[in-house]
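Peer 1: One structure, as structure tokens, below. Some questions next.
Quick note: the coordinates plus some simple rules give every number you see, no bench work behind them. What you see is a predicted model; the values in this text were computed from it and never measured. Cβ placement follows ideal geometry from the backbone for every residue including glycine, while neighbour counts extend to all protein chains displayed.
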Amino acid sequence: MKAQTKDTQAAMTPDSALQALKDGNKRFISNNFANRDLAEQVQDTSKGQYPFATVLHCIDSRVSAELLFDQGIGDIFSVRIAGNFVNEDILGSMEFACKLAGTKLILVLGHTACGAVKGACDHARMGNLTHLINKLEPAVAAVAEPVEESQRNSGNIDFVNEVARKNVHMTIDKIRTDSPILKEMEDKGEIKIAGAMYDISDGNVTFY
């Protein structure tokens, strides 16, 4: 499989970009990866890059977008931060990726058993981590069930995973609210903003 070029990037649509990630995850799950010469891709992208998607995902070592979507060098912009939330710097990076570099898709990818989400469920406080946790706590508050406080913590993995899913949806909403540039591009059909959850137990990605 060759690296993306200006022509192949231009030929992709938001829907085909999303399908490319879905197809890549199927290859990942079946351990049937695309045939790539990474050294050749290094050379092919040395004078320019034409990624088709931007993926916002967690720093978790088990969750690498390039691997779980079976993508090569120059295929995707990879934005990583614990808890896969957005701030103005990440939004700026996304605006660059879509408006200037031509990606057709923004995918917000959460994952099961997320440590940052667990910290938010427990309202953890420690140094600079506190500021990060504060950004995830609105998703905790937005999950109504269970009501019992004793069940609203990292010991309840179903609650943790529901908060992670809610965080994906809230992050998508924030992208649309806080970036008029990306919202306009989506409204015009130039890009798609989508969400997904990665299951660390089996490698499957569920798309929303």
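Peer 1: Rounded to the nearest 0.05, what FRET efficiency do Ser93 and Leu38 have when you use their Cβ-Cβ distance and R0 = 22 Å?
Peer 2: Taking R0 as 22 Å, the efficiency between Ser93 and Leu38 is 0.35.
Peer 1: Only one of the values (1) 17.2; (2) 20.2; (3) 17.7 was calculated from this structure for Kirkwood radius over Cα pairs in Å; name its label.
Peer 2: Here Kirkwood radius over Cα pairs in Å agrees with entry (3).
Peer 1: Another one. What is the gain in length, in nm to one decimal, between Ala124 and Arg27 on full extension, counting 0.36 nm per residue of separation less the C-alpha to C-alpha distance?
Peer 2: Fully extending the segment from Ala124 to Arg27 adds 31.2 nm.
Peer 1: Apply 1/(1 + (r/R0)^6) to the Cβ-Cβ distance of His131 and Thr206, taking R0 = 30 Å, and write down the FRET efficiency to the nearest 0.05.
Peer 2: About 0.50, to the nearest 0.05.
Peer 1: So what's the back-of-envelope 222 nm ellipticity for the chain, counting only DSSP H runs of four-plus at -39500 (n - 2.57) apiece and dividing by all residues, rounded to 500?
Peer 2: Computed mean residue ellipticity for the chain: -13500 deg cm²/dmol.
Peer 1: Taking springs between alpha-carbon atoms closer than 10 angstrom, which of Gly119, Gly74, Gly155 fluctuates most in the Gaussian network model of the chain?
Peer 2: Result: Gly155 has the largest fluctuation of those listed.
Peer 1: Here's another thing I want to ask about it. Would you order Leu38, Leu107 from fewest to most other beta-carbon atoms within 10 Å of each residue's own beta-carbon?
Peer 2: So the residues, fewest neighbours to most, are Leu38, Leu107.
Peer 1: I would also like to ask the following. If you average the C-alpha positions of segment 115-168 and of segment 52-76 separately, how far apart do those two centres end up, in angstrom?
Peer 2: A separation of 24 Å, based on Cα centres.
Peer 1: If you average 1/r over every pair of different alpha-carbon atoms in segment 32-151 and take one over that average, what Kirkwood value in Å do you get?
Peer 2: Result for segment 32-151, one decimal place: 16.3 Å.
Peer 1: Please find the FRET efficiency linking Asp173 to Ser78, where r is the Cβ-Cβ separation and R0 is fixed at 22 Å, and quote it to the nearest 0.05.
Peer 2: Between Asp173 and Ser78 the formula returns 0.50.
Peer 1: To continue, here is another question. Where Lys and Arg each count +1 and Asp and Glu each count -1, what net charge lies around Lys174 among other residues with Cβ under 13 Å from its Cβ?
Peer 2: So the surrounding residues net to +1.
Peer 1: Which of Asn128, Asn32, Asn161 ends up with the largest GNM mean-square fluctuation for the chain, with Cα atoms connected below 10 Å?
Peer 2: Of Asn128, Asn32, Asn161, the Gaussian network model singles out Asn128 as fluctuating most.
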